[in-house]
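Input: a single structure, listed below in structure tokens.
Where a number appears in this text, it was derived from the coordinates with a stated rule and is not lab data. Since the structure is predicted, the reported quantities are computational estimates derived from the model, not experimental observations. Glycine gets a Cβ as well: all are built from the backbone with ideal geometry, and neighbour counts include every protein chain shown.
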Amino acid sequence: MLIDEIKDCSKCGICRAVCPVFFIVNDEVMSPRGRISLVEALIEGNLSVSDRYTDIIRSCIKCTRCADVCPSGVRPEKIVQSAREMLYNTTYTSKTIKEILRSTLDRGRFRNYIVKKFREDKPDNTVPLWFLPLIFHGNAYLPNLAEKTVLEKYPEDVNNGRKQKVGLFIGCSINYSNTDIADSAIDVLEKLEISIFIPKDQTCCGVPLLFYGDVEGAKELAKVNIKAFKYDDLDAILTICPACGITLKQEYNRLVNDSDLKTKVYDISEYIAKFTSYNTRKLDISVTYHDPCYLRLGQEVLAEPRKILKGITDYIEMKDANKCCGLGGTLGLLHPEISQKIGEDKLKNIANSNADIVATGCPGCILFIRDMLKKAEINKKVLHTVQILQKSLLD
């Protein structure tokens with residue numbers, strides 16, 4: 001029961017010290033303890049849903065830092081998720097948001113929707129980040145929509161007949177826009193002599209729907225993806241987006257009672273570091289690494305990307321590499337000013353590292369960090385870990 005989980009919270013406040021949002025706003029209700037108290041008051045009938053309550057619940061970035069330090073074992077991010085699911089069927093989730101969320105259930109309809117909006121609203125050939133799909137940050141924009149999506153570009157089976165066979169989960173932003181990340185991932189896996197299954201029927205992982213509490217819509221997407229991957233025939237399913245990875249690893253079991261899937265899902269850097277061997281040349285570049293929240297905290301993948309990068313570059317560990325870059329899922333939609341403030345420290349630490357390139361494992365972090373660097377007129381490339389590995393692999 002949700003109320004029992006809430007009652008486990010001793011209200012000690014240790015969680016406040018690690019919450020990126022609370023650190024910026026210094027407002028109790030925007031801390032994990034504050035959010036738990038609000039949900040408790042709502043359930044007990046001492047509080048009504050309001051615009052302010054909705055804003056507070058949706059401003060949690062679900063990074064799980066609070067859960068890591070809780071002495072009582074409380075999972076505040078799960079309590080927040082339950083609160084979001086309760087909000088979905090209220091008037092505080094607009095028909096427009098529901099329409100956009102449900103468009104992800106039909107890939108053709110979703111693509112037509114974003115292309116239509118792009119043509120109507122963006123003559124400069126850019127699309128607001130929130131259209132892909134419903135996560136945006138202030139005035140940040142995605143790169144141009146790809147002429148061909150990843151799923152249109154590649155056959156379902158690539159590099160057949162190898163000893164290892166993996167499924168590749170593409171994810172929305174990479175499929176529609178950042179296709180170069182998928183290109184690098186596929187090239188790397190081919191060079192590692194791995195067969196790749198890229199099912200055409202795969203779709204959105206469901207994380208945008210879960211952000212807004214649409215659990216029924218997310219269930220439908222989970223069923224589609226599980227059917228598409230036929231994972232019994234695969235050694236692993238690899239993800240190249242941590243939000244997709246944590247959803248497949250953790251949420252699908254809750255949504256559709258499939259506990260076997262999580263044993264098959266790996267972040268691509270995790271799988272490469274653990275289960276492959278390869279020959280590389282040392283690159284004449286210095287690289288620093290940013291830990292995406294959903295990769296380091298959500299999936300405990302932190303050593304593996306560093307192992308890859310240390311072997312092929314002059315690696316420099318930036319200060320506080322594990323801290324949020326500021327994008328924070330729906331935080332950027334609701335409070336871009338908080339996102340920018342969170343991002344300021346990350347920007348400073350990147351600059352102070354003096355590295356040539358920033359590596360990370362998250363397409364969202366890549367976009368946000370690139371945007372921050374551009375605004376600050378700092379000339380550094382931001383690349384996915386697999387893109388740097390691609391440059392070093394020997395044929």
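Which of the peptides 306-317, 381-392 is most tightly packed, and how do the rest follow, going by the mean number of other Cβ atoms within 10 Å of each residue?
Result, highest mean first: 381-392, 306-317.
Measure up 191/307; 95/374; 310/391; 62/374; 227/249; 323/374 against 24 Å on the Cα-Cα distance and list the ones that go over.
Long pairs (Cα-Cα over 24 Å): 95/374; 62/374.
Rank-order 145-158, 173-186, 331-344 by packing density, defined as the average count of other C-beta atoms within 10 Å over each peptide's residues, highest first.
173-186, 331-344, 145-158
Taking amide hydrogens as modeled 1.01 Å from N in the peptide plane, which residues meet the under 5 Å criterion relative to residue 237, leaving out close sequence neighbours?
167, 265, 266
If each residue's Cβ is checked for other Cβ atoms within 10 Å, how do 318, 1, 86 rank with the fewest at the top?
1, 86, 318
Tell me the mean residue ellipticity at 222 nm calculated for the chain from its helices only (DSSP H runs of n ≥ 4, each -39500 (n - 2.57), averaged over every residue, nearest 500).
Mean residue ellipticity, 222 nm, calculated: -13500 deg cm²/dmol.
Mind listing which GluC sites (Glu not before Pro) in the stretch 240-304 are in a DSSP loop and have 12 or fewer other Cβ atoms within 10 Å?
300
For the chain, build the charge dipole from Cβ charges (+1 Lys, Arg; -1 Asp, Glu) around the Cα centre, then report which of 73, 91, 26 sits farthest towards its positive end.
It is 26.
Measure out, as a whole number of angstrom, how far apart the alpha-carbon centroids of the stretch 16-68 and the stretch 238-291 sit.
Taking the Cα centre of the stretch 238-291 as reference, the centre of the stretch 16-68 is 29 Å away.
Under the classification rounded if a/c is under 1.5, otherwise prolate if a/b is larger than b/c and oblate if not, where does the stretch 140-265 fall, given a ≥ b ≥ c as square roots of the Cα gyration tensor eigenvalues?
oblate
Name the shape class, rounded, prolate or oblate, that the alpha-carbon gyration tensor gives for the stretch 2-88, where a ≥ b ≥ c are the square roots of its eigenvalues, rounded holds for a/c under 1.5, and otherwise prolate holds if a/b is larger than b/c and oblate otherwise.
Cα axes put the stretch 2-88 in the oblate bin.
Where the only charges are on Cβ atoms (+1 Lys, Arg; -1 Asp, Glu), what is the dipole of the stretch 150-273 about its Cα centre, to the nearest 20 debye?
Using only the charged Cβ atoms, the result is roughly 220 debye.
Would you work out which of 325, 359, 312 lies farthest towards the positive end of the dipole of the stretch 278-392, given +1 charges on the beta-carbon of Lys and Arg and -1 on that of Asp and Glu, about the Cα centre?
The Cα lying farthest towards the positive end belongs to 312.
Using a 10 angstrom cutoff on alpha carbons, build the Gaussian network for the chain and name the most mobile of 248, 373, 327.
Top of the fluctuation ranking is 373.
Nearest-5 percent of antiparallel DSSP beta bridges in the chain?
15
Counting Lys and Arg as +1 and Asp and Glu as -1, each charge on the Cβ, what is the dipole of the chain about the Cα centre in debye, to the nearest 20?
Dipole about the Cα centre, nearest 20: 200 debye.
How large is the charge dipole for the stretch 2-71, taken about the Cα centre, if only the Cβ atoms of Lys, Arg (+1) and Asp, Glu (-1) carry charge, to the nearest 20 debye?
Value, rounded to 20: 200 debye.
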